[in-house]
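A.B. asks: Have a look at this one before I ask anything.
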Amino acid sequence: MRGMDDYLAPGTGLTKEERLQSIFEKYCDTLKAKNLRWYFAVGSRWDKRKIEKFLKYFCIPKKLEDVVAFLDTTVFKTSKEGLLFTKEGIIVKEPLNKLYYLEYSKLQEAEVVEEYNDAGYLTDSKLIVHFRDGNERIVFDYYIRKHFFVDYINEVVKFLSGFEPKPV
């Protein structure tokens, strides 16, 4: 059986996995708040240790090879909350909430919904992820820049919706 790496993404000359990695790299510097740090799976031993700590703490059945990067959102960098970007989706652990998974293949789109008062001032802004099955999820967004996250998700979804596996 052929693996994901055996197929080229249409028009790119890259494998599906390489194309997803390039989309992540395009947005990673603009996604996070300034005080947060990325830990990359291909980075230093310290980076790998932080990612493994998150995986182990939540008993996530993923290997380090499946991970692209981890964004630790805790104040003291304990690796107990954050976003874990994998090759298939994003595992999110928000403050005071359970862990959940945004699998790329099940997403339809993401959007920012903003509400304004009568004077024209922004009163509320929510980051909403819509799933193909009609469900939606509001994502806790205090540690990421919403509009860049929406652009990232929508670009990944657009890429995956047009992906047709072709033998190399």
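A.B. asks: Mind counting the residues in region 74-88 that are closer than 23 Å to Val129 by Cα, buried (at least 17 other Cβ atoms within 10 Å of the Cβ) and not acidic (Asp, Glu)?
C.D. replies: 6
A.B. asks: If Val157 satisfies all but one of (1) in contact (Cβ under 8 Å) with a residue 40 or more places away in the chain; (2) among the aliphatic types (A, V, I, L, M); (3) open to solvent by 50 Å² or more (accessible area, probe 1.4 Å), what's the number of the condition it fails?
C.D. replies: (3)
A.B. asks: Moving on. Which residue out of Leu84, Leu20, Leu31 is under 15 Å from the mean Cα position of the chain (by Cα), under 17 Å from Lys146 (Cα atoms) and modelled with pLDDT under 95?
C.D. replies: Leu31
A.B. asks: Can you report the number of residues in region 51-73 which are open to solvent by less than 20 Å² (accessible area, probe 1.4 Å) and over 17 Å from the mean Cα position of the chain (by Cα)?
C.D. replies: 0
The values are calculated or read from the model by the stated rules, or taken from the named source; none is laboratory data. Note that the structure is predicted; figures quoted are calculated from it, not measured. Every residue, glycine among them, receives a Cβ derived from its backbone with ideal geometry; neighbour counts consider all protein chains shown. Accessible surface is based on the protein model in full, side chains and every heavy atom, while ligands, DNA and RNA are left aside. Shrake-Rupley method; radii C 1.70, N 1.55, O 1.52, S 1.80 Å.
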